[in-house]
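Scroll down for the structure; my scribbles are underneath it.
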Amino acid sequence: MNPCTCFFRLGKGRRGSIRFLSPPVFLSSDLQLLQWGSEGSLNHRDRNSAPQPLLNPRGGLLPCCLGAGRGLGAGRGLGAGREAVTSSRRRKNMAGASGLGTGPGAAGGDGDDSLYPIAVLIDELRNEDVQLRLNSIKKLSTIALALGVERTRSELLPFLTDTIYDEDEVLLALAEQLGNFTGLVGGPDFAHCLLPPLENLATVEETVVRDKAVESLRQISQEHTPVALEAYFVPLVKRLASGDWFTSRTSACSLFSVCYPRASNAVKAEIRQQFRSLCSDDTPMVRRAAASKLGEFAKVLELDSVKSEIVPLFTNLASDEQDSVRLLAVEACVSIAQLLSQDDLETLVMPTLRQAVEDKSWRVRYMVADKFSELQKAMGPKITLNDLIPAFQNLLKDCEAEVRAAAAHKVKELGENLPIEDRETIIMNQILPYIKELVSDTNPHVKSALASVIMGLSTILGKENTIEHLLPLFLAQLKDECPEVRLNIISNLDCVNEVIGIRQLSQSLLPAIVELAEDAKWRVRLAIIEYMPLLAGQLGVEFFDEKLNSLCMAWLVDHVYAIREAATNNLMKLVQKFGTEWAQNTIVPKVLVMANDPNYLHRMTTLFCINALSEACGQEITTKQMLPIVLKMAGDQVANVRFNVAKSLQKIGPILDTNALQGEVKPVLQKLGQDEDMDVKYFAQEAISVVAQRLRKLDFPVKDSGEPSVPRADKNHFPRPRVPGEDTGKEGAAVRDIQSPCRAQGPVYQLHGDTRDTLAQLEIAELVHFSQSRD
C-alpha cells in the first residue's frame, strides 16, 4: 500500500467557516471520501461498495473519518493509528455545519468537503485534548443530525455508551446533551435508546455528573409511554437501586417518583419495596439520598401507602444515627404533613417532630427553625398553637447562635401565619419577651437576623403597641455597635412609617440616623449614604430638605474619596426621585459654589457632580448653569483639575446643543490640547473624538512641536490617568506619582487634521495590515 498525502489542518475563517490548509487525502490506496446519501445520511464514496458506517462501535472511527493528529483509533487506545504526511499547502475555504444539507455536488471536484467538519467533530470525541473532546460533545446534536436517526441509534449511542470514561467536565456536558436527544433518535418511540449511556453516567463518582444524568433521565421518563416505561425505564431504576456501588443507589432514589404514577399496581409494589430497601441501606450516603426524596415520593403515593409505609420510613430516618440524615427527614416532614389529616398528624408526625426540636445535633434544630414557616402552614392553626409556638420559643433561646438566628428570621412570617383573631395576643404574650432578649444577644448574626424582620411586626401589632413596645427596640438596634444591624433597621423604616407616621418616626429614630451619618468610621457613613435615597423617598422632599439635605452636601467634602464618590451618586438618585426643578433650586447652586473652594479635591468633586447630574437635569440646566463653571475651571492651576475638565466635557458633550459645542467647548478643548501636561493633552484628545461625533467634523489644529508625528495616538503611549482618590500632596500643584512612567515615555503623538477622517484611515490601514499578516 503506497502512502498518500493525508495531513490537513483546521483554521478559523472570518465568518465562522472552517478553512482546510491542506487537502484531506487518506493513507488507504482505495481512497474513500464522504458524501451525502439520497436520504441525508452520511455515507462513504466508493464505486463498488455499499455505504459503510462512520463509527466503529467497539473501536472508534473508521479510517475515512480520521484526520490529522490522534483520532479515535490512536488517541485513546481504541485502535491502531495511521501516519500522515503533509501535502502541498493549498488553501481551501468551506462552510461549516450549516452547509450539511447541500447535496453531493456542493463541495466541488475534490470530494464532498461539507462533511469534513462532521468527521472532525466525530474524530475529536476521543482526542487527547480535553477541550477538543468537550467542544465536540457540546456539538453532539450536530453529529447526530449528520448521521441521521438510524445511525445515531445504532452507531453513535453505542459508541458513547462504550467509551463513557472521561473527564468530569466532558461527562457533564454529555449528560446534559443526552437529555435533549429524544428528537434526534426518532422521537418518543425510541427514547429508550438514550437510557444505556445515561445509566452509565448515573453511576460515576462525580456528584454533579450523576445529578445531571438523573435530571436527564427524569426528563426522558416523561416521554416514555406506560408500556415503554415498564419495559425499559423501570428495569433501569431497579438495576441502579440494586447496584454494587453506592453511587448508583443514590441516583436511583431520584427516579422512583417519576416512574411510580404511570406504573401498574404490581410494579408499584416492587417500586415501594425497592425504596424501603434504600431507606435502610448500610451506606449513609444512600440513606441521605432516600431521605431527601422521601417527601417527593410521598406526594405520588396513595394515602394508604403514605400512612402504612412512608410514615414509618420517616420515623426511622428521623432517628437515624447520622444527623445529616435526620435533618433531611425534617425537610420531608413538610411534604408528608400536607397529605395527612389533623388527627393523623397529631398521632403519626408530631411525636417525631417534637423529638427533632430537642435533637442533640444543632444542625437538626437549625433545619426545624429554617423550615418553621412551612411546617406551620402544613400543620394547621390548632397544632401551631398547642405545639409549634412552644417549640419556637425553645428555638429562640437555643444555646447555638445559628439556631437562634434561623428562628429570628422567621419571626415576621410566624406572626403573619397566625390566626387573625389571636395574632396580636400571641405575639405580645408569647413571642415579644423572647424578641427583647435577642435585641441584646451576644452574637451579631442573631441581632442582624432579627433587625431584618422586626420592623415588619409593626403592621401586625398596630400603632399603639409599636410606639410602646417596638420603638424602644428599634432605637436600641439603631445604636448597636454592629453596622449590619443598624442598616437592616434603616432599610425597613417604611414599614414603621406606614403605621406610626413620619412625625413620630422623625422624633424617635431620625436623631439616631443623623448620628450614624456623622459616624467616625467611614464605612458606616458610606453605608448610610447608600440607603439615603430610600430614606428620602419614605420621608418626603420637605422633610428631607429640612433634616437631611445638609448631611448630603457635607458628604461631598468628606476627607475620604469613597464617601465623596458615593455622595455624588446619591445626588443623582435624589434628583431622579425629586425632579429637576428641585435640583435646580436646591442642589445645583450648592454644588457650583464648590468650584471656588481652595481645596482642589473639592473642586474636582464639583466636576464629578456635574458629570452625574447633567444627564438627570437635562440640556437646559446643563448648558445655562453647569457648562460655564466647567469652562471656567479649564484654567485651573492644578493639572488634575484640568484633565478632569476635559473628561467632564466629554461626558456632557452629547447633552449639549451644537452651538454650545462649536462656540464654547471647541476653543477650550483646543487650549487643553496644547497644555504642557501630557495627561491633560491625552484627555483633551479623548474628548475631541466624542465631540466630533456630534459635530460631524471638527478641526483640531495642533502647534508643530518639531517632533515627529504618527497617524494615530496610541493610549499605551500615555501614563495611567491619575485617580482623584490617590491624590496626596500640596495644594495648588498637580499631584505626581514618583513611580509614574510618564516622563520616561517617548514623544507625545498628536492627531492632526480631521479627526474623523484620520480614524477612518486608521481602520482601513488596520484591515489591510491584518489581511497582509494572514497572507
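I need the helices (runs of 4 or more DSSP H) fully contained in the stretch 123-213, keeping only those with at least 1 residues that are over 28 Å from the mean Cα position of the chain (by Cα) and more than 26 Å from Val227 (Cα to Cα).
Values: elements: 130-138, 140-151, 157-162, 168-178, 195-201.
Output list reads 140-151, 157-162.
Here is a yes/no grid of residues against (1) in a helix (DSSP H, G or I); (2) open to solvent by 10 Å² or more (accessible area, probe 1.4 Å); (3) without any contact (Cβ under 8 Å) to a residue 40 or more places away in the chain; (4) within 30 Å of Leu475 (Cα to Cα):
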{"position": "Val349", "(1), (2), (3), (4)": "yes, no, yes, no"}
{"position": "Val364", "(1), (2), (3), (4)": "yes, no, no, no"}
{"position": "Asn386", "(1), (2), (3), (4)": "yes, yes, yes, no"}
{"position": "Asn394", "(1), (2), (3), (4)": "yes, yes, yes, yes"}
{"position": "Asp398", "(1), (2), (3), (4)": "no, yes, yes, yes"}
{"position": "Glu402", "(1), (2), (3), (4)": "yes, yes, no, yes"}
{"position": "Ala405", "(1), (2), (3), (4)": "yes, yes, no, yes"}
{"position": "Glu413", "(1), (2), (3), (4)": "yes, yes, no, yes"}
{"position": "Leu438", "(1), (2), (3), (4)": "yes, no, no, yes"}
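Does Pro312 count as modelled with pLDDT under 90 and loosely packed, with under 15 Cβ neighbours inside 10 Å?
When the stated conditions are applied, Pro312 does not pass them.
Give the residue that is farthest from Asp519 (Cα to Cα), with candidates limited to residues of the stretch 563-620 that are of a type in the set (Asp, Glu) and free of Cβ contacts under 8 Å to residues at least 60 places away in the same chain.
Across the stretch 563-620, the extreme among qualifying residues is Glu620.
Each row is one residue, and each column tells you yes or no for (1) among the small types (Gly, Ala, Ser); (2) at pLDDT below 90.
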residue: Gly415; (1), (2): yes, no
residue: Ile427; (1), (2): no, no
residue: Gln430; (1), (2): no, no
residue: Tyr434; (1), (2): no, no
residue: Thr442; (1), (2): no, no
residue: Ser448; (1), (2): yes, no
residue: Ala476; (1), (2): yes, yes
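Is there any pair with a first residue in the stretch 202-214 that is at negative phi and a second that is among the aromatic types (Phe, Trp, Tyr) whose Cβ atoms are under 8 Å apart and which are 6 or more apart or on different chains, and what are they?
Thr203/Trp245
Are there any pairs with C-beta distances below 7 angstrom linking a residue in the stretch 440-461 that is of a type in the set (Ser, Thr, Tyr) to a residue that is open to solvent by less than 10 Å² (accessible area, probe 1.4 Å), with the two at least 6 apart or on different chains, and if so which?
Within 7 Å, the pairs are Ser448/Val485; Ser458/Thr466; Ser458/Leu470; Ser458/Val496.
How many residues, within the stretch 631-686, are outside any helix (DSSP H, G or I) and without any contact (Cβ under 8 Å) to a residue 40 or more places away in the chain? Break it down into steps so the answer makes sense when it comes.
Taking the stretch 631-686 and keeping what is outside any helix (DSSP H, G or I), we get 636-638, 656-657, 674-677.
Applying the additional criterion that residues be without any contact (Cβ under 8 Å) to a residue 40 or more places away in the chain yields 636, 656-657, 674-676.
The total comes to 6.
Can Glu321 be described as modelled with pLDDT of 90 or more, surrounded by fewer than 19 Cβ atoms within 10 Å (Cβ to Cβ) and under 19 Å from Arg365 (Cβ atoms)?
Details: modelled with pLDDT of 90 or more: yes; surrounded by fewer than 19 Cβ atoms within 10 Å (Cβ to Cβ): yes; under 19 Å from Arg365 (Cβ atoms): yes.
Yes: the conditions hold for Glu321.
Does Phe233 satisfy the condition of being open to solvent by less than 10 Å² (accessible area, probe 1.4 Å) and more than 24 Å from Glu296 (Cα to Cα)?
no
Using the structure shown, decide if Leu418 is within 19 Å of Thr459 (Cα to Cα) and buried (at least 16 other Cβ atoms within 10 Å of the Cβ).
Yes; evaluated as a whole, the condition is true for this residue.
Can you tell me which residues in the stretch 335-347 are assigned to a helix (DSSP H, G or I) and either under 30 Å from the mean Cα position of the chain (by Cα) or not aliphatic (A, V, I, L, M) (or both)?
Within the stretch 335-347, Ser335, Gln342, Asp343, Asp344, Glu346, Thr347 qualify.
Go through (1) open to solvent by 50 Å² or more (accessible area, probe 1.4 Å); (2) assigned to a helix (DSSP H, G or I) and name the single condition Thr466 misses.
Only one criterion in (1) open to solvent by 50 Å² or more (accessible area, probe 1.4 Å); (2) assigned to a helix (DSSP H, G or I) is unmet by Thr466, namely (1).
Collect the residues in the stretch 645-667 that are under 14 Å from Met633 (Cα atoms) and surrounded by fewer than 21 Cβ atoms within 10 Å (Cβ to Cβ), keeping them in residue-number order.
Across the stretch 645-667, the qualifying residues are Lys647, Glu664, Pro667.
Is it true that Tyr434 is closer than 17 Å to Glu331 by Cα and assigned to a helix (DSSP H, G or I)?
no
Does Leu450 satisfy the criteria of being within 31 Å of the chain's Cα centre (by Cα) and either assigned to a helix (DSSP H, G or I) or surrounded by fewer than 20 Cβ atoms within 10 Å (Cβ to Cβ) (or both)?
So Leu450 fits the description; yes.
Look through Gln430, Gln504, Gln477 and report the one residue that is open to solvent by less than 10 Å² (accessible area, probe 1.4 Å) and in contact (Cβ under 8 Å) with a residue 24 or more places away in the chain.
The unique qualifying residue is Gln477.
So that you can scan it fast, the table gives a plain yes or no per residue for (1) modelled with pLDDT of 90 or more; (2) within 21 Å of Lys293 (Cα to Cα):
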position	(1), (2)
Glu167	no, no
Ala173	no, no
Pro196	no, no
Val214	yes, yes
Gln222	no, yes
Thr225	no, no
Ala228	no, no
Gly243	no, yes
Arg249	yes, yes
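Could you tell me whether Ala616 is within 28 Å of Ala660 (Cα to Cα), open to solvent by 10 Å² or more (accessible area, probe 1.4 Å) and modelled with pLDDT under 85?
The answer is yes for Ala616.
What number of residues within the stretch 619-636 are open to solvent by 10 Å² or more (accessible area, probe 1.4 Å) and under 11 Å from Ile652 (Cα atoms)?
2
Restricting attention to the stretch 511-568, and to residues there that are among the acidic types (Asp, Glu), over 16 Å from Leu487 (Cα atoms) and more than 36 Å from the chain's Cα centre (by Cα), which single residue is surrounded by the fewest Cβ atoms within 10 Å (Cβ to Cβ)?
That would be Glu542.
The values are calculated or read from the model by the stated rules, or taken from the named source; none is laboratory data. The structure displayed is predicted, hence computed values, not measured ones. Glycine gets a Cβ as well: all are built from the backbone with ideal geometry, and neighbour counts include every protein chain shown. Areas reflect the complete protein model, heavy atoms only, side chains present, ligands, DNA and RNA absent. Shrake-Rupley method; radii C 1.70, N 1.55, O 1.52, S 1.80 Å.
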